[in-house]
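Let me begin by presenting the structure, written as structure tokens, before commenting on it.
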Amino acid sequence: MKIGVVGLGYVGLPLVVAFAEGGHDVVGVDVNARVIASLGEGRSHIEDVPDEVLQAISERFHPTPRYADLAKVDAVVVAVPTPLTDNREPDLQPLIDTGTALANVLQAGQLVVLESTTYPGTTRERFGPLLEESGLAAGRDFHLAFSPERIDPGRTDYTLRNTPKIVGGLTDECRRRAVELYEKVCDEVVEVSTPESAELTKLLENIFRSVNIALVNELAILCDRMGIDVWEVVDAAATKPYGFMSFKPGPGMGGHCLPVDPFYLAWRAREFDMQTEFVELAGEVNQRMPYFCVDRISRALNEQTKPVGDLRESPALRILRLLRDQGAEVSYHDDFVAELPDLGLRSEWPEDIDCAAIVTAHPGLDLQRLVEEAPLVVDFRGVTRGIEAPHLVRL
């Protein structure tokens, strides 16, 4: 087959690799000119796709900014961003732009599969009509399906190949064609009856995590007030062999899925005169965690007689900004983020500091060295358990 992939990020590029390694020619489209130029030179911008892997498929992979190159492919997989607006409502503009551009080159008999996370009804009510501006009818002249991405960046135990793939088609034939496509790169394909079911499946997966993380985050705040070790409580509960799934507290939720997806469903639910109070409450609890983390840093410094003014707001980047706003001199260390241009900072090992806060704990982080060298350590991830020190404070 000849396959097109629109959106060459964390979802799209691994798809390109999987299809190309399976012997299929792939046309990859992205609106970012720098990404296209880099991929054309065999340089990857995605950690999960090493340069050597990209270079090995160079004969089968054609990166381009031109949608016109998709006119001759058998199937097009769309994996463009679906962010939120400033008002926390779905921002479908990248999807709308893609649908409009695809309509200009869509051919009879082609399969189009949407993988971008979105609310139930998007494929049928928004994306399909855009494609039908081509003059072709979805489900009759071309095939349309939804298959939610299940990419967990950096993970090696579950990959595209061994993670079950959900597929829902506009018609039975649409679904059959999509299943046939994904069976080439996935060991198991799970069929659902409609695109709406597939769209909601993705949201349920992430909302499940969001709600449970919110529960344990709220418990962490309560434990802090009660003087109870939340990590001990979670570990003890996890020994129950049934009826409990362990979730860990933390400074807030990053990435695209967890902070965004619940609001897609909450927004859609309001169109059906329903308020998803449980879902929205979980989002609010998780958004409050950065505030608690900043307050915890402040209290830890106060306990070390190095007071910081009343601090309010945010995980990682927001924590940095808040600390700086309060007059603190900030620095950061992250092996995977070399610099933060907006903050004028470059990654560096913490030296000559008053406090080190562990917000994200990558596997290679030298925790023992950090605790030994920093005069005060505040651990929001619970990764220093097993290390005892009078100047070590945990969430």
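Data table
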| read-out | value |
| --- | --- |
| MRE, 222 nm, helices only [DSSP H, n ≥ 4, -39500 (n - 2.57), over the chain, to nearest 500] | -11500 deg cm²/dmol |
| Neighbour-limited loop hits for chymotrypsin sites (Phe, Trp or Tyr not before Pro), the stretch 189-271 (at most 15 other Cβ within 10 Å; DSSP other than H, G, I, E, B) | Y242, F244 |
| Table column - 3J(HN,Hα) (Hz), the stretch 355-369, Karplus curve with 6.51, -1.76, 1.60, x for Gly and Pro | 8, 10, 10, 8, 9, 10, 10, 6, x, x, 5, 7, 5, 4, 5 |
| Highest to lowest packing among 219-227, 34-42, scored as the average C-beta count within 10 Å | 34-42, 219-227 |
| The chain - accessible surface per residue (Å², probe 1.4 Å) | 49 |
| Spatially near lysine pairs across the chain, Cα under 17 Å, sequence gap of 8 or more or different chains | 5 |
| Charge tally in the Cβ shell below 14 Å around D48, where Lys, Arg are +1 and Asp, Glu are -1, D48 excluded | -4 |
| Global form of the stretch 1-106, assessed from the alpha-carbon gyration tensor, a/c cut-off 1.5 | oblate |
| For P(r) over Cα pairs in 10 Å bins from 0, in percent, calculated from these coordinates, the label among (1) 5, 24, 34, 25, 10, 1, 0; (2) 5, 20, 27, 23, 16, 7, 1, 0; (3) 5, 25, 37, 27, 7, 0 | (2) |
| The stretch 163-230: GluC sites (Glu not before Pro) in DSSP loop, at most 14 other beta carbons within 10 Å | E183, E188 |
| Segments 321-327, 233-239 sorted - mean Cβ within 10 Å per residue, highest first | 321-327, 233-239 |
| Residue-wise HN-Hα coupling along the stretch 193-204, computed from phi with Karplus coefficients 6.51, -1.76, 1.60 (Hz; x: Gly, Pro) | 6, 9, x, 4, 5, 5, 5, 6, 4, 4, 5, 4 |
| Mean separation of Cα contacts under 8 Å, 6 or more apart, over the residue count of the stretch 1-100: relative contact order % | 34 |
| Span from the the stretch 358-391 Cα centroid across to the the stretch 1-32 one, whole angstrom | 40 |
| Of all accessible heavy-atom area on the chain, the percent that carbon and sulfur account for (1.4 Å) | 50 |
| Mean separation of Cα contacts under 8 Å, 6 or more apart, over the residue count of the chain: relative contact order % | 10 |
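The values are calculated or read from the model by the stated rules, or taken from the named source; none is laboratory data. Just so it is clear, the model here is predicted, and its values are computed rather than measured. Here the Cβ is made from the backbone with ideal geometry for all residues, glycine too, and neighbour counts use every protein chain on show. Protein only, heavy atoms only, side chains kept; ligands, DNA and RNA dropped before computing areas. Shrake-Rupley method; radii C 1.70, N 1.55, O 1.52, S 1.80 Å.
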